[in-house]
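To start, the structure under review is shown below, and the notes come after it.
The values are calculated or read from the model by the stated rules, or taken from the named source; none is laboratory data. Quick caveat: nothing in here was measured; it's all calculated off a predicted structure. So basically every Cβ, Gly included, is an ideal-geometry build from the backbone, and we count neighbours across all protein chains shown.
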Amino acid sequence: MATTSKKATVKVKDLKNNTPAKKNGSAKKNGSISSAQLLKALQEHFGFDSFKGNQEAIIKNLLSGKDTFVIKPTGGGKSLCYQLPAILSEGVAIIVSPLIALMKNQVDLVRSYSSKDDVAHFLNSTLSRKEIREVHEDLLSGRTKMLYVAPETLTKQENLEFFSGLPLSFFAVDEAHCISEWGHDFRPEYRRLREMMVQINPDIPIIALTATATPKVQSDIIKNLGLRNPEIFISSFNRPNLYYEVQPKIKKDQTIKSIVRFIVQMKGKSGIIYTLNRKTTEELADVLMANGIKAVAYHAGLDSKLRAERQDQFLNEDVQVIVATIAFGMGIDKPDIRFVIHYNIPKSIENYYQETGRAGRDGLEGKCILYYSHKDVSKLEHLMRDKPLSEREVGAQLISETVGYAESGVCRRKTLMNYFGEEYTESNCGQCDNCLHPKEQVEAKDNAVKVLKVVKALNESFATDYTVNILLGRLTPNVSMFRHDKIAEFAIGNDQPEHYWLSLIRHMLLEGLLSKDIEEYGVLKITKAGEAFAKKPKSFKIVLNNLYEEANADDDEGTEASTGAAADEKLFGMLKELRQKEAKKKGLPPFVIFLETSLQDMATLYPTTLQELEKCQGVSKGKALRYGKPFIELIAGYVQEHNIVRPDDFVMKSVVNKSGNKVYIIQQTDKKIPLETIAKNKGWRMDEMLEEMETIAASGTKLNLDYAIDEWLDEHEQEEILEYFKGCETSSLQVAQQELKDGNYSWEQLKIMRIKFLAEYGM
């Protein structure tokens with residue numbers, strides 16, 4: 001793992017007169033730079049009055065020529081740990097950064113602290129030959145202190161030869177987790193970094209930095225970068241200002257409504273919504289805009305100019321919310337992001353931690369909401385199907401950990417910190433849904449002993465899922481192959497359900513009775529504390545995992561409001577009776593007064609004013625004025641009698657029947673364009689378009705469809721259908737077909753005539 005080559009100490013500028021030390025002069029050891037001198041340099045070059053956390057210790061360690069490994073959460077000040085040493089050291093520091101798109105931002109930031117632009121450069125494939133030549137000249141002159149490169153840049157032979165001839169201070173590897181296949185953003189190019197560094201200069205120190213690294217990833221970074229007895233600096237992963245919550249995603253329209261309501265309550269505060277696919281980013285951004293929230297979509301399918309423009313809009317607060325895939329966020333330095341919503345479960349806890357870490361970087365409020373569904377988990381698993389076997393296994397383990405976090409009934413903060421190898425000892429963090437609404441604990445002492453017996457019987461060689469199969473007595477192909485159905489411990493836990501054992505094992509991991517092997521990640525090992533517990537069991541209370549049995553929302557469902565049953569079935573029945581009564585008074589069919597979808601909205605939203613009534617589907621201002629008064633009076637009485645708590649006067653506006661569609665349909669029908677052509681141009685089925693048209697007509701807008709009707713039905717047929725609608729008791733077209741069976745009318749013919757009827761008699 002480690003090389004035996006002699007380590008060079010970083011040569012440091014003379015801070016007293018700010019001139020470089022002699023090229024062949026003696027190197028300064030750790031301690032030769034005092035804290036006072038470092039603080040002065042910090043103020044001079046960056047304008048800060050003090051170091052944050054362990055920054056000073058890290059900088060001193062690097063300047064003394066030692067390999068350094070830094071794990072600092074997002075917003076912890078990682079960049080300064082190599083930027084200040086680079087400025088203070090002789091030669092140039094080579095900084096490996098994974099994203100070309102961010103290098104310019106990083107260089108611009110460094111330059112903003114300096115009076116000279118040549119203090120920092122980037123070298124990548126975006127530069128022209130002329131620009132590359134200019135960078136080379138600055139590097140050879142000794143003016144440049146930091147050079148940002150992509151890992152691919154280091155693989156080119158001409159670059160290796162050029163860098164080998166430069167006086168170098170150290171290598172910095174940013175986002176070092178990319179080197180591990182267990183990291184959240186694995187980059188195969190990172191695997192070759194050590195090889196390249198040895199070719200350039202094997203003796204200069206290396207500093208590796210990351211915001212998220214599990215013990216397994218930490219081990220991989222040290223091993224693959226060949227770090228030589230590195231000093232490891234780990235800052236706490238605890239972000240006390242962040243609030244964590246998991247909500248089940250049951251129906252898509254309910255989830256979206258929940259999101260919109262939440263953002264409205266945040267009153268203009270900035271936030272990010274992460275989704276799994278591009279389509280959903282666009283849909284959600286449209287819904288937010290329809291509800292008065294300034295939002296834009298951001299994904300890799302947009303051209304780079306538009307992505308940059310939308311990023312700037314968000315940073316400059318021209319938009320409140322950015323709805324994005326994981327393509328957005330790395331390198332974004334906006335300290336006042338107040339919420340991060342995950343519309344889909346992320347593929348790893350590291351991803352989740354990294355993305356939620358963008359909230360509240362100023363130390364103030366940050367709310368992190370995750371919507372969880374089993375279908376989202378299935379989608380992630382499906383996306384892995386074509387990957388190589390080893391990658392699928394890693395991915396499955398990472399997804400399993402994320403599912404464990406989502407379903408866990410214990411403190412979210414404790415679960416997160418345990419994942420990164422940090423112990424959280426507080427009994428209640430007060431900043432997560434599980435701690436604010438704690439569940440009842442159950443005694444699990446005897447069953448914890450059973451788990452330890454099974455893990456021991458399996459020679460500490462299997463992961464959680466396999467251990468649970470043994471506890472439950474499941475005869476899977478693997479269990480048969482290893483003949484573990486023959487051991488005495490097989491099926492000793494079949495008196496409890498699967499989720500019980502998963503909850504217990506998670507608790508045992510959190511309390512240090514079990515651990516996961518670092519090299520064979522996921523394999524359960526018994527700790528010393530676990531061995532002591534097995535010998536002398538004591539009370540061990542656990543909280544069972546949350547069960548999200550109905551969390552099965554599907555992203556591919558339409559965003560339209562549900563057309564199923566109303567929220568209040570009793571009120572819905574009363575409204576139907578009232579509609580029938582009002583229809584008889586006016587000599588009209590009931591559906592002309594209000595469509596059933598309108599009544600369903602009324603029984604969900606409880607409108608008690610005409611203005612509120614207008615927010616219900618299919619109710620225009622004119623229709624509300626003409627027919628609405630007895631309906632809002634009925635609802636107001638019902639609300640008072642039953643002490644109904646109305647949905648905080650919040651009504652989410654749908655984007656399905658967009659005004660653009662309405663305008664388009666009116667324009668096309670005014671031009672007497674064939675209905676088949678209108679539908680084809682919009683990509684609609686005929687039934688979809690007729691539904692759109694009926695909603696338009698029901699809300700009080702007249703559509704002239706006579707030209708199309710005349711092609712479908714003769715004068716006698718039209719008259720027969722209109723007469724039927726004048727006297728019918730129901731809006732059901734199936735009933736209409738039965739009553740008019742002699743005419744053998746199609747659903748489409750009856751539908752278009754009902755639209756005509758609504759237009760002529762409904763207003």
ask   = Taking Q311 and the conditions (1) exposed (fewer than 15 other Cβ atoms within 10 Å of the Cβ); (2) in contact (Cβ under 8 Å) with a residue 12 or more places away in the chain; (3) polar (S, T, N, Q), which numbered condition does it fall short on, given that it satisfies the others?
value = (1)
task = Tally the residues that are surrounded by fewer than 24 Cβ atoms within 10 Å (Cβ to Cβ) and either free of Cβ contacts under 8 Å to residues at least 24 places away in the same chain or in contact with a Pro (Cβ under 6 Å, 6 or more places away or on another chain) (or both), restricting the search to region 147-177.
result = 5
note = Filter region 353-396 for residues that are within 19 Å of D185 (Cβ to Cβ) and basic (K, R); the one that is nearest to the chain's Cα centre (by Cα) is R358
remark   = Residue hits (region 38-54; farther than 20 Å from G75 by Cβ and polar (S, T, N, Q)) are Q43
task = Please indicate, with yes or no, whether at least one residue in region 485-499 is hydrophobic (A, V, I, L, M, F, W, C), within 25 Å of T527 (Cβ to Cβ) and crowded, with 18+ Cβ neighbours inside 10 Å.
result = yes
query = If you take the residues of region 19-36 that are over 30 Å from G75 (Cβ atoms) and either under 47 Å from the mean Cα position of the chain (by Cα) or modelled with pLDDT of 90 or more (or both), which of them is surrounded by the most Cβ atoms within 10 Å (Cβ to Cβ)?
reply = K28
ask   = Taking the stated definitions as given, is E426 out of contact with any Leu (no Cβ under 8 Å at 6 or more places or on another chain), in contact (Cβ under 8 Å) with a residue 24 or more places away in the chain and of a type in the set (D, E)?
value = no
request  = Check region 266-279 and report whether any residue there is among the polar types (S, T, N, Q) and in contact with a strand residue (DSSP E or B) (Cβ under 8 Å, 6 or more places away or on another chain).
outcome  = yes
task = Give R261, R310 a once-over and let me know the one that is touching a Leu at 6+ places or on another chain (Cβ under 8 Å), over 20 Å from N351 (Cβ atoms) and among the charged types (D, E, K, R).
result = R310
ask   = If you take the residues of region 425-473 that are hydroxyl-bearing (S, T, Y) and part of a helix (DSSP H, G or I), which of them is surrounded by the fewest Cβ atoms within 10 Å (Cβ to Cβ)?
value = Y466
query = in contact with a Cys (Cβ under 6 Å, 6 or more places away or on another chain), crowded, with 19+ Cβ neighbours inside 10 Å and not in a helix (DSSP H, G or I) - does that describe any residue in region 236-243?
reply = yes
task = Report yes if some residue within region 252-261 is at pLDDT 95 or above, under 18 Å from the mean Cα position of the chain (by Cα) and either part of a strand (DSSP E or B) or among the basic types (K, R) (or both); otherwise report no.
result = no
Helices (runs of 4 or more DSSP H) (entirely within region 663-763) containing at least 1 residues that are touching an Asp or Glu at 6+ places or on another chain (Cβ under 8 Å) and under 30 Å from K584 (Cα atoms) = 686-698, 715-727, 747-761
query = If we scan region 394-407, do we find a residue that is of a type in the set (S, T, Y), within 26 Å of K72 (Cα to Cα) and surrounded by 20 or more Cβ atoms within 10 Å (Cβ to Cβ)?
reply = yes
task = Could you check how many residues of region 218-251 are of a type in the set (F, W, Y) and either at pLDDT below 95 or over 23 Å from E423 (Cα atoms) (or both)?
result = 1
Helices (runs of 4 or more DSSP H) within region 525-615 that include 1 or more residues hydroxyl-bearing (S, T, Y), modelled with pLDDT of 90 or more and assigned by TED's automatic domain parsing to the domain that holds D286 = none
query = Taking region 289-308 as the search range and keeping residues that are in a loop (DSSP other than H, G, I, E, B) and among the charged types (D, E, K, R), which one is surrounded by the most Cβ atoms within 10 Å (Cβ to Cβ)?
reply = K294
request  = State whether the residues of region 357-374 include one that is in contact with a Lys or Arg (Cβ under 8 Å, 6 or more places away or on another chain), β-branched (V, I, T) and outside the structural domain of G76 (by TED's automatic domain parsing).
outcome  = no
